[in-house]
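These notes are about the structure you will find just below.
Read-outs throughout are calculated quantities, based only on the coordinates presented, and are distinct from any laboratory measurement. Everything numeric in this text was worked out from a predicted model, so none of it was measured. Neighbour counts are summed over all protein chains in view; Cβ atoms, including those assigned to glycine, are modelled from backbone coordinates with ideal geometry.
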Amino acid sequence: MAGPYLTPEEICDWPVSRPPPQGACLKSSLKDAIERVGLDGPTQIAWHHFAMGCVALEITQRCNLDCSACYLSDHSEAVRDLPLEEVFRRIDRIAAQYGPNTNVQVTGGDPTLRKRDELIAIVKHLAKRDLRPALFTNGIKASRSLLSDLKNAGLKDVAFHVDLTQERKGYDTEISLNAVREDYLNRARGLGLQILFNTTIFPGNVDEVPGLVEFFSKHARDIHLASFQLIADTGRGTERARTDAITVDRVRGLIEDGVGTPLQFDVPRIGHPDCNSYAKVAFSGNRRVAAFETRDLEFLENLLVETRSVFLSRHQPLKSVLRLAAHCLFRRPALFGNLLAYVGRKVRALLPGLLSSGGRVHLTTFYIHNFMPAEGLEKDRCEACAFFTMTRDGPISMCVHNAKRDSFILQDVLLEDGSTFIPLGGAGTNDPSSHPLKRLKGRIRAEKEASRKSRFPAVNGRIGQMETARRKKRLDAFEAEEV
């Protein structure tokens, strides 16, 4: 049973995460949180293997889509981009608080709306601090040329968000959107980037999950991870409802239907099990085998406990496997034998595919991220959060951030020269409904457009249409002067 929920006062007062005391382990903050809510155990990898699962670095609030499930604010389109100086300062804070190899989502809004040289400079600064930058984008402006330049700057991953909530013209099913996904794959393929796909799951596409999984499975050679993000009632979007059809258990079953084999989603654990679950699948030829099965659990528990000191990176799979094997061989010989037996089982299950594919194996992760609604934040899940968003004053749980986004994105920022960066600037007041129509998206835009239509009802005849057009043009000019 869920709960207890944070009260509005608790959400308002929820603090940003502070750096650990000097000399303390960088993992201590996440360790304390995991232990406090009783989630530590042999299969828990949060804090044992990293100081934070990932940190979102929002470098713009602007977006070139108007998603029906958007988590951004009604103010977002009017908020000016953070100065590079402030972005770099936040990057330095991430590095100092969580250490090298921390995964950082370069996101927004859509980060590709920043100037090209600025975006490249941001990725370079992340790489300079030994962080692992990933570009989270809807892909519209993510050309192959840009992705190549970002890869050269130090980008590790590109995550394309494509789904029906984006209401892209000409696409009315997720299967039809596979044409967009194919295009994005072609842009990123061969650049040395790990390719990820994000999909928001809502009532309009939940039944298509098996077909999506089949697409991702077909392209397992290129797609490292496919994330299914359950819709949450937060932000400015017009799509709010999560019906009984949108549950973690149902989406797990639909993913299994698409893969065609039972999957184990609960090992390893990343933070709170109600927030994050994932399953790895090995593909070879026409064979599909779950990397983790029920009979593997005892071995995996022992392996996770005994190798907590081993640095494993998904960006260096071969080196990671060799480190793991060497650690077991020289320090835990009995565990090494169990490791060989585990690998042997997988090879036997994949053998027909291995023979037909020349021995090639590809691993794809199917991930479920269960976001919380703004008015239904569970206290223990917020405390044990392993996915943070960086703010002016420090990192904070991503769901808490989304629930009170305006309190962060509208903060003034003091710059080194003594000047103050004001996010809204001359763009408007703290009443988003006062912003011009072109600065609005989501619910308020829909409401304004509905109001405008009532002022310009459909008319018959050429003269009536011309007069309506003149009136609309005058109104557009008036609203443009408000900018």
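Things to note:
- J(HN,Hα) series, segment 300-316, from Karplus relation 6.51 cos²θ - 1.76 cosθ + 1.60, nearest Hz, glycine and proline x: 5, 4, 4, 5, 5, 5, 7, 10, 5, 8, 8, 7, 10, 10, 5, 7, 10
- Acute angle (nearest 10 degrees) that the helix 317-331 long axis makes with the longest principal axis of the chain, alpha-carbon atoms: 40
- A straight line joining the Cα centroids of segment 116-130 and segment 58-75 runs 22 Å.
- Among the trypsin sites (Lys or Arg not before Pro) found in segment 359-429, those both in a DSSP coil and sparsely packed, with 14 or fewer other Cβ atoms within 10 Å of their Cβ, are 360.
- Charge dipole of segment 363-454 about the Cα centre (unit charges at C-beta), most positive-ward option of 430, 413, 446: 446
- For the chain, size of Cβ-based charge dipole, Lys and Arg +1, Asp and Glu -1, in debye: 1640
- Each of 366, 285, 54 was placed along the dipole of the chain (beta-carbon charges, centred on the mean Cα), and the one lying farthest toward the positive end is 285.
- In this structure, the residue pairs whose Cα-Cα separation is over 23 Å, taken from 31/151; 115/218; 156/280; 27/128; 115/448, are 31/151; 115/218; 115/448.
- Relative contact order for segment 30-134: 33 percent, from Cα pairs under 8 Å spaced at least 6 residues apart, divided by residue count.
- For segment 335-434, size of Cβ-based charge dipole, Lys and Arg +1, Asp and Glu -1, in debye: 1100
- Relative contact order [Cα under 8 Å, 6+ residues apart], the chain, whole percent: 21
- In terms of its alpha-carbon gyration tensor, segment 1-124 comes out oblate; a/c meets the 1.5 threshold, while b/c is at least as large as a/b.
- Dipole in debye (nearest 20) - segment 104-254, about Cα centre, beta carbon charges: Lys, Arg +1; Asp, Glu -1: 800
- Straight-distance candidates among the aspartates and glutamates for linking to residue 346, with alpha-carbon spacing under 17 Å and chain neighbours fewer than 8 residues away dropped: 293, 296, 298.
- For residue 379, the aspartates and glutamates whose Cα comes closer than 19 Å to its Cα, not counting residues fewer than 8 places off in the same chain, are 9, 10, 13, 32, 35, 40, 233, 274.
- Distance histogram in 20 Å bins (all Cα pairs of the chain, percent per bin): 21, 56, 20, 3, 0
- The lysines within cross-link reach of residue 169, meaning a Cα-to-Cα straight distance under 18 Å and a gap of 8 or more places when in the same chain, are 141, 441.
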